[in-house]
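S.K.: So that we are looking at the same thing, I have put the structure below in structure tokens.
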Amino acid sequence: MYKSITDSQILISELMLPSYTNFGGKIHGGYILGLMDQIAFACASKHSGSYCVTASVDQVNFLNPIEVGELVTMKASINYVGKSSMIVGIRVESENIRTGNKKHCNSSYFTMVAKDETGNTVEVPGLELKTKLDAKRFIKAIKRKKTELKKQEELNTIYKNVDEHLNLLKDYRVKIDF
Ligand SMILES: CC(C)(COP(=O)(O)OP(=O)(O)OC[C@H]1O[C@@H](n2cnc3c(N)ncnc32)[C@H](O)[C@@H]1OP(=O)(O)O)[C@@H](O)C(=O)NCCC(=O)NCCS
């Protein structure tokens, strides 16, 4: 079975309240991450027809701070499906209500896995790619997964033999004490 991307797309808008701020008076990054996790869950659950768990989150860069009183809009759609996993792409924008000025605050990719009521993973429907943008997003997800796998393999070698990598530390502000 294949399902369309538009059927599970989610859009939410929320006004940023003073209670969401950090000590610097800007909106707390953790609050935004929590909202992103919820919207990823809603999108993935809609596509799969199952409850989902968050398996991983691709790197999140906060490009611009979000101010109290701004309207934050998050758009989520399925970018990729594997067997039981789905990658949900999320774009976060905030808007100054008075000026209408919009800022791109971050884009991130949440990997969600569908599970049944006993906690076993379940197969999710395939994805109908109806536009070139849909295909572009799917291909980007495949490439990101491959890059991530390669990076993990490379990082694992450090744990296996740290001595071979100690030389790298000479340009850094560390004092080796062992
Ligand atoms: C994520 C989780 C379901 C993976 O379970 P698992 O037994 O390792 O399952 P599998 O190895 O069969 O992997 C299932 C799918 O998840 C994907 N996956 C597993 N770990 C992943 C990770 N860290 N990042 C991205 N994808 C991951 C696999 O690639 C696989 O995808 P596919 O079915 O599309 O091929 C399991 O580790 C889990 O339940 N983690 C806790 C999730 C959670 O509680 N999240 C909230 C945190 S507070």
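S.K.: Could you tally the net charge around Lys160, taking each other residue with its Cβ under 15 Å from the Cβ of Lys160, Lys/Arg +1 and Asp/Glu -1?
M.R.: -4
S.K.: If one computes the Cα centroid of region 1-28 and of region 140-178, what distance in Å separates the two points?
M.R.: Distance between centres, Cα-based: 34 Å.
S.K.: What is the packing order of peptides 125-132, 35-42, 83-90, taking the mean over residues of other C-beta atoms within 10 Å and listing the highest first?
M.R.: The most tightly packed comes first, giving 83-90, 35-42, 125-132.
S.K.: Further question: Work out the P(r) tail for region 66-178: percent of alpha carbon pairs separated by more than 24 Å, whole number. Don't jump to the answer; show the numbers that get you there.
M.R.: Details: 3502 of 6328 pairs.
Roughly 55 percent, rounded to a whole number.
S.K.: Mind running the shape call on region 41-91? Use the C-alpha gyration tensor, a ≥ b ≥ c as the square roots of the eigenvalues: rounded below 1.5 for a/c, prolate if a/b tops b/c, oblate otherwise. Walk me through the numbers on the way to the answer.
M.R.: Values: a/c = 2.86, a/b = 1.97, b/c = 1.45.
Prolate.
S.K.: For the chain, what is the calculated [θ] at 222 nm in deg cm²/dmol (nearest 500), taking -39500 (n - 2.57) for each run of four or more DSSP H residues and dividing by its residue count?
M.R.: -9500 deg cm²/dmol
S.K.: Taking a ≥ b ≥ c as the square roots of the Cα gyration tensor eigenvalues, with a/c under 1.5 meaning rounded and otherwise prolate when a/b beats b/c, else oblate, which class fits region 103-154?
M.R.: oblate
S.K.: Here's something else I'd like to know. What does the charge count around Ile97 come to, taking other residues whose C-beta lies under 14 Å from its C-beta (Lys +1, Arg +1, Asp -1, Glu -1)?
M.R.: -2
S.K.: So, with +1 on the Cβ of K and R and -1 on the Cβ of D and E, and no other charges, what is the size of the charge dipole of the chain about its Cα centre, to the nearest 20 debye? If you can, show how the numbers build up before the last one.
M.R.: Details: 25 positive and 20 negative charges, 129 e Å.
I would put it at about 620 debye.
S.K.: Ordered by packing density, taken as the mean number of other Cβ atoms within 10 Å over each peptide's residues, highest first, how do 16-27, 43-54 rank?
M.R.: Ranked from most to least packed, the peptides come out as 43-54, 16-27.
S.K.: Sort Thr121, Thr147 so the one with the fewest other Cβ atoms within 10 Å of its own Cβ comes first.
M.R.: By the 10 Å Cβ count, ascending: Thr147, Thr121.
S.K.: Please report Arg173, Arg144 as a ranked list, fewest other C-beta atoms within 10 angstrom at the top and most at the bottom.
M.R.: Details: Arg173 5, Arg144 16.
Exposure proxy ranking, most exposed first: Arg173, Arg144.
S.K.: Per Stokes-Einstein, at 37 °C and 0.692 mPa s, what whole-number D in µm² s⁻¹ belongs to region 2-131, with the Kirkwood radius over Cα pairs as the hydrodynamic radius? Show your work: numbers first, answer last.
M.R.: Numbers: Rh = 15.3 Å.
Diffusion coefficient, whole number: 214 µm²/s.
Only the coordinates and a few stated rules stand behind these numbers; no lab work does. Remember, predicted model here, so these are calculated numbers, not experimental data. Neighbour counts are summed over all protein chains in view; Cβ atoms, including those assigned to glycine, are modelled from backbone coordinates with ideal geometry.
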